[in-house]
Structures are given as C-alpha cells and as structure tokens.
1. Straight distance only, please: which lysines reach the Cα of K70 with their own Cα at less than 26 Å, same-chain residues fewer than 8 apart left out?
2. How tilted is helix 107-121 with respect to the longest principal axis of the chain? Cα atoms for both, answer in degrees (0 to 90, nearest 10).
3. Of the heavy-atom accessible surface of the chain (probe 1.4 angstrom), what whole percent is carbon and sulfur?
4. I need the calculated FRET efficiency for the pair E116 and L41, taking r as the beta carbon distance and R₀ as 45 Å, to the nearest 0.05.
5. Between (1) 0.96; (2) 1.20; (3) 1.01, which entry matches Rg/Rh (Cα atoms, Kirkwood Rh) as derived from the coordinates of this structure?
6. Just the number please: accessible area per residue for region 1-118, 1.4 Å probe, all protein chains included, in Å².
7. Give me the number: length gained by fully extending Q17 to E151, i.e. 0.36 nm times residue separation minus the C-alpha to C-alpha distance, one decimal in nm.
8. Keeping every protein chain present and rolling a 1.4 Å probe, give me the accessible area per residue for region 131-189 in Å².
Amino acid sequence: MGCRATTHTDLQIRAHQKGIKVEVIHNASILNAVGACGLQLYRYGEAVSIVFFTDTWRPDSFYDRILTNKQHGLHTLCLLDIKVKEPSLESLARGKKVYEPARFMTVNTAIEQLLEIESSRRLGAFNADSLAIGVARIGAPSQQIVAGSMEELLKVDFGEPLHSLIIAGDMHVIESEFLEQFRVTSANR
C-alpha cells in the first residue's frame, strides 16, 4: 500500500489504530517514496536541491522556490547533495585527477545551511520553529522518518545516507494526524 492520496493515508491510519500491520512498497524514486511520511504528494510544490556550502560559495538560488511553495501552502521536498567521485581542486590544478572521499549531505547540515540563508534573506520562507520532516534511507528496512521543528531536527542522528528534508506547508488534518507517529521524541534523537 502506498501513501499517494488522503484516502490511502487514512486507510493506513485506521489499520495502525486497529493493530493491523501495513507494508508500504515504494517505487525507486524519492519523489514517490517520500509519501511514507504521510504528506500528500499532490500537496508538494517544486522540489529543490541543496548543495554543500564551500568557503567561497554559498548558493541560495533555491530559496525563492521554497518561499513560493510556502506562499501557496505547499510542502517542499529538499534533495540533499551527494558528492561521489569528485576530483579535488588541488588535483585539478596539477592536471592529475585525485578524487575526494564520497560525501552525502545530512538533514542536519541542510537545516544549518537553510537557517543561515534565512538569516541573510529574511523573507520568512522558514525559521527554526518551522515544521520539517527528515527522512533517511526511505524504502529500506532501516528507514527513518522524524518530524519536528527545524531546531529539533538539528539534534537528531539520522544515521547512514541517503537523506532528504521536507519543509511542511499548510497541513491537512489527515497529514497532521499521520505525522504524529514520527514526532521527535527522546527515543529518536
């Protein structure tokens, strides 16, 4: 059973309340699999990609899309940076490709960077109290879904990659009810 629409999520909530085990089988895309958190897929705006900051490059071009999504009450799926087989700048300067170790952005790093951007842009796309959902390894037996304020999620250990982040828009009552099972607790920090 997937969580693609309010009806699907409502059925899963009722099954959970009655102690009926429900297994969700996802497609191979985060764009579908993210439905596991209970936010309805048709209530998402444009997805954005968040890349690692460097000492000299702090991109924020995606900020306006997050702001537009918020203004329309839509959720934003943030796809987090993956650096695999990236040559180092030093090796490129020497004309010899030496690859950096693989790096995968965490939910925590994404939130730190987002809050830094908001502190400079100050247009109210989100803040430390904004509801967000961190997801890790969606579709795997070890998947992790945690919902809370951005500030709360900064303290959560999401473990191994791959991670994604959702900034919640306006919440439907079914979404809110479903999301309660994933709220930050001392057990999932």
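1. K155
2. Between helix and principal axis, roughly 70 degrees.
3. 52 percent
4. 0.95
5. The value computed from this structure is option (3).
6. Value returned for region 1-118: 59 Å² of accessible area per residue.
7. Working: separation 134, 0.36 × 134 = 48.24 nm, distance 2.97 nm.
Answer, rounded to one decimal: 45.3 nm.
8. On the way: 2670 Å² over 59 residues.
In whole numbers, region 131-189 has 45 Å² accessible per residue.
The values are calculated or read from the model by the stated rules, or taken from the named source; none is laboratory data. Computed from a prediction, not measured in an experiment: that's the story for all the values here. Here Cβ is always computed from backbone atoms with ideal geometry, including for glycine, and neighbour counts include all displayed protein chains. Accessible surface areas use protein heavy atoms only, side chains included; no ligands, DNA or RNA. Shrake-Rupley method; radii C 1.70, N 1.55, O 1.52, S 1.80 Å.
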